[in-house]
1. Specify whether the C-alpha gyration tensor of segment 73-171 places it in the rounded, prolate or oblate class, a ≥ b ≥ c being the square roots of the eigenvalues: rounded for a/c under 1.5, otherwise prolate if a/b is larger than b/c and oblate if not.
2. Let me confirm the definition first: pairs of Lys residues in the chain, 8 or more apart or on different chains, C-alpha distance under 14 Å. How many are there?
3. Just checking my list (i) 127; (ii) 202; (iii) 142 against volume of the Cα convex hull per residue in Å³ computed from this structure; which label fits?
4. Along the Cα-to-C-beta direction of THR28, a point sits 7 Å from the Cα; which residues of segment 85-100 have their amide N less than 17 Å from that point?
5. Using only the alpha-carbon atoms, what does segment 33-74 span along each of its principal axes? Please give whole angstrom values in decreasing order.
6. With a sphere of radius 12 Å drawn around the Cβ of VAL114, what net charge do the other residues whose Cβ falls strictly inside it have (Lys, Arg +1; Asp, Glu -1)?
7. Given 0.36 nm per residue, what is the gain on full extension from SER160 to VAL8 after removing their alpha carbon distance, in nm?
8. Between segment 87-143 and segment 5-30, how many Å separate their Cα centres?
Amino acid sequence: MPATAVQVFGPVAVDPGFNTTGEKTLLTMNTTLPAGGKNVIIVTFMPNRDFSSDARGKFRIKKGETILYETLVVERLNFGDDTSKPVVLYALDSAPHGNDVYTFAINITQAGTVTGVVHVQGMVIKADDAAIAYNTSTVTIAPGTTATVISLNTGYPAGSKVVVLAYLSGH
């Protein structure tokens with residue numbers, strides 16, 4: 001999937017309002033990428049260990065009102081006793097019109113006790129072709145064993161340049 005262009009957004013610090021419920025925009029990505037091909041959207045959320053909100057919700061990547069990807073489980077969004085680890089999300093826009101706008105959002109379903117600043121960043125990659133797969137259920141892997149978490153069959157011709165990105169979220 002040879003990239004023909006990449007746009008990076010952020011990093012920025014944002015206070016989404018963990019102490020109220022509802023969808024909150026973390027990052028808006030106004031692209032100047034042309035129509036055609038496929039757009040791969042990658043976003044990161046870095047919690048802030050300096051405060052504990054105990055808010056819960058789901059992360060989303062949207063194009064307009066269409067949700068391109070949403071985390072499958074309700075997560076503790078900024079719990080101060082947890083080790084601060086980034087959340088990484090991927091989404092695929094199979095039909096970019098050109099100058100597309102993507103939103104990285106958080107839908108807070110349980111308000112926390114306080115709010116505070118977190119860090120977010122995003123990237124949109126224009127590619128000739130791309131494919132995405134993600135698991136829709138929990139995979140439990142016993143200690144000392146191996147297991148397949150997800151697989152993706154593609155039909156790229158021999159000699160193609162292929163990039164594979166993977167992210168595993170453990171709870």
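Nothing in this text is a laboratory measurement; each read-out follows from the coordinates by a stated rule. Note that this is a predicted model, so its numbers are computed, not measured. Virtual Cβ from ideal backbone geometry, glycine too; neighbours counted across all protein chains shown.
1. In terms of gyration-tensor shape, oblate.
2. Summing the qualifying lysine pairs gives 4.
3. (i)
4. Backbone N within reach: 99-100.
5. Reported extents, whole Å, longest axis first: 43, 19, 15.
6. Local net charge: -3.
7. 52.2 nm
8. 11 Å
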